[in-house]
Amino acid sequence: MGLFAHEILKLPIFESSKVKAGETNLVTNNIEWVSVIESPVENFVRKNEFVLTTGIGCKDDPDALETFVRDVIQSGASVLAFATGRYVFDIPSSLLQIAKQSNLILVDIPWEVRFGDIVAKIMQKITADKQDEREAAEKVRQQLVNCVLNDKGLQDIAQVLYKHVHLPLAISDNQFSMRANRSFSKEWLVPFQKELKHVEKTNRNDLSVGEHPLYYLLEAYQVKEQTIYYLPVINNHKIQGYLLVQVAESNQLSWFVMNVLEHALTACALYFVKENAIELTEVRLKDNFVLQLAQQKVTKDNHLIAKADLLGYDLTCYYICLVGDLYYSDAIKQYDNDRSENSSLQSKNYAIQKEITYAGELFTVKTMTTFDAGKVIIFLEATPEAYIEIANQFLDKVERRVSELLKGIVMSWGIAAPEIDAYSFSDAYKEAKVALDIGMEHSGYGNRTMYQDTKVERLLMALSDQPEVKDIVQQTLEKLLIYDQKRQTDLVHTFSTYNQYKGNVSQTARALNLHRQSLLHRLRNIESLTKLSLVDSDDAFLLELSVRIWKLQQVKNDNQ
C-alpha cells in the first residue's frame, strides 16, 4: 500500500513533463501529499510530499535556487517539480547532481500546465489510494477479530499480521515472555526481559507517520544492531502484553502498516480479555473446589474424583495438608489490588500460587492450592512414610522463591500427616490449622509445626474442656488478665518468657528488652495478683499450666 512517485508521474497530466534527476528513486519514494511552495521553505514542506514550484523567489539567483532545493531536500520531500519557462528556464546541472546524491526526484514541467490541475489529479490519486488502504485495513481488522471470535490463538493473529505487513514480529505478555512470533528472533527479546534500561533507545523522528494516533505509543530500541519497535497492548488501563516488530528501513512503517498494527493491538487486547476471563473462571472454580475439600466433610467417592479430574486434580493419591500464615511488610504494598484476599487472583496470592505450582512441578508432586482468610491452604502429594521430608523440601523451595519475589514476606506453616479415611481432606485441614495456630502461639512467625509434635498442647486442650479445670484456670488468672486489660500490660507474656528461660532473670530481661529492675517489679506484681510464689515449684507449675491452657483455649476458640 502507499503511492510511489512513478505512479503519480504516469498520470496523463505529466505526459509533457520530464524527469531530470532521481530516476532510480521513482519506485522507492513515497508520495503522501502535494503542495505548492516558493522560497523560503522553512517548515511548510512535509516528508514524502510532491512539491510544485515556479522558482519565483530565485529568479536569476543560482545561489538562492540551490538553497531552496537544499531546504526542500532537508524537509524530506520525495519530488520537486519546477514549472519552467518564466522564472526558471533550465534546471542547472549542479542541482541535478545534488538531487541525485540526496534521493530527490527533480521534474521539469512546462509552464503552460496549470498547478491547480496537477494538484487536483494528484489528490484524486492519493484519495483513491487512501480509500483502498482503508478498505484493505478494514479487511485485515475483520480477519484479526475473527481470529479471536473463532477461538484461535495469538500465533494465528501473528500469522495474519505478518501476511499483510511483511515484517518480523512477536506478541509477548507483560513480562516480555514470547507468546507468538513470526520470523522474530528470541534473542531480540532477551534485553527487554531483563529491564528496558538495558536496551538502547533509538531515534524515531525519521518516521513519516508522526501524525498517526499510534505514533505516540510507539517506542524504538536498538537490539543486536536491529531496530525493534514495540507497542503496548492495553486493557482496562493495564498493560497486558506487547506487540513488537523488527524494521530494517523506516519507510516500512507506512500509514497502512500503522493502521494494521492498531487493529492488531485491538485483536490482542480482545484475546487477553478472553484469556483472562477463562483463567478467572477456572481459578474461581478451583478455589471453591479446594476450599470445599478443606472445610466440608465431602465423601471421596467416584463423583468427587471425576469432578476433580475435570479441574486437573487427582484425588486418588495420598495428600498432606499445609496451612500457611502470610505476614506482609510494607515493602510489598505495591502488590495490593482490589481482589479479595481469599482469591487466588489477588496479586500477592497469585504470585505465591505460581511458585507453589512451580515447586510441585520441580519435585514432580501434585498440588492443590487455595486461600482462606488470608491463609494459604495446600494439599501436597506425599507418602505417609516420607511426608515430613517431602514437606520440608517443598516449603524450602517455595519460601526461597517467594522471598525473592515478595521482599519482606514471613511465612508460618502448620503441617498434618496424610489421612486415608473418607473425610481425609477436611480432617487434615483442621489438624494443619491447629498445628499452625499452636506453633504461632508458642514460637511466633516464621516457624513450621507438625501436628504430630503438638501432643502436649492437644492434651491440654482436651483438659481445658473439663469444667473443674476451667474453674481453676479462671481463678488462677482472673486478676492477672483484668490487670493486663486495664493497664495495657502483658504480665501473662512476661511470665511465659520467664518460665521459658527457667527463671533466669537476666536472660528474661534481655528477651523482653526490659531493665532488670523493671522485670523484677513485674514478677512481684504477678505474685501479688495470683497469690502464688514463683519460687515454689507447685505454685509455678499451677501458674504455668493455667497460662498454657488459657492460651490454647484462645487457639481453640479461633478454630471454632
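The values are calculated or read from the model by the stated rules, or taken from the named source; none is laboratory data. Because the structure is a prediction, the values reported are computed rather than measured. No Cβ is skipped: glycine too gets one built from the backbone with ideal geometry, and neighbour counts run over all protein chains shown. Calculation scope for accessible area: heavy atoms of the full protein, side chains included, ligands and nucleic acids excluded. Shrake-Rupley method; radii C 1.70, N 1.55, O 1.52, S 1.80 Å.
Structural remarks
- Within region 497-551, the residues that satisfy the criterion of being open to solvent by less than 50 Å² (accessible area, probe 1.4 Å), under 22 Å from Glu441 (Cα atoms) and free of Cβ contacts under 8 Å to residues at least 24 places away in the same chain are Thr497, Thr508, Ala509, Leu512, Leu514.
- Pairs, first more than 22 Å from Glu211 (Cβ to Cβ) and open to solvent by less than 10 Å² (accessible area, probe 1.4 Å) in region 33-55, second modelled with pLDDT under 90 and among the aliphatic types (A, V, I, L, M), C-beta under 7 Å, six or more apart: Gly55/Val88
- Remark: Asp287 falls outside the filter, which requires a residue to be modelled with pLDDT of 85 or more, charged (D, E, K, R), open to solvent by less than 60 Å² (accessible area, probe 1.4 Å) and not in a helix (DSSP H, G or I).
- Condition check for Glu457: touching a residue at least 24 places away in the same chain (Cβ under 8 Å), open to solvent by 60 Å² or more (accessible area, probe 1.4 Å) and either farther than 26 Å from Ser528 by Cα or acidic (Asp, Glu) (or both): no
- Filter result for Glu385 (surrounded by fewer than 20 Cβ atoms within 10 Å (Cβ to Cβ), over 28 Å from the mean Cα position of the chain (by Cα) and within 27 Å of Glu441 (Cβ to Cβ)): no
- The helices (runs of 4 or more DSSP H) falling completely within region 1-106 that include 1 or more residues that are polar (S, T, N, Q) and modelled with pLDDT of 90 or more map to 62-75, 93-101.
- Residue among Gln466, Gln485, Gln475 that alone is at pLDDT below 85 and open to solvent by 70 Å² or more (accessible area, probe 1.4 Å): Gln466
- Pairs meeting the criteria (first residue in region 418-430 and farther than 11 Å from Tyr319 by Cβ, second residue modelled with pLDDT of 80 or more and hydroxyl-bearing (Ser, Thr, Tyr), beta carbons under 8 Å, at least 6 apart or on different chains) are Ala422/Thr299; Tyr423/Thr299.
- Selected residue (criterion: surrounded by the fewest Cβ atoms within 10 Å (Cβ to Cβ)) from residues of region 2-17 that are over 22 Å from Ser254 (Cα atoms) and among the hydrophobic types (A, V, I, L, M, F, W, C): Leu11
- Considering region 56-94, and only residues there that are touching a residue at least 60 places away in the same chain (Cβ under 8 Å) and not small (Gly, Ala, Ser), the residue that is surrounded by the most Cβ atoms within 10 Å (Cβ to Cβ) turns out to be Val79.
- Condition met for Gln124 (assigned to a helix (DSSP H, G or I) and exposed (fewer than 14 other Cβ atoms within 10 Å of the Cβ)): yes
- With respect to the conditions (1) under 19 Å from Ala294 (Cα atoms); (2) among the charged types (D, E, K, R); (3) not in a helix (DSSP H, G or I), Glu385 lacks only one, and its number is (1).
- Every condition in (1) in contact with a strand residue (DSSP E or B) (Cβ under 8 Å, 6 or more places away or on another chain); (2) open to solvent by less than 50 Å² (accessible area, probe 1.4 Å) is met by Ala267 except one, and the failing one is (1).
- Gln346 at pLDDT below 90, within 30 Å of the chain's Cα centre (by Cα) and open to solvent by 70 Å² or more (accessible area, probe 1.4 Å): no
- Test: residue in region 143-154 that is part of a helix (DSSP H, G or I) and touching a strand residue (DSSP E or B) at 6+ places or on another chain (Cβ under 6 Å): yes
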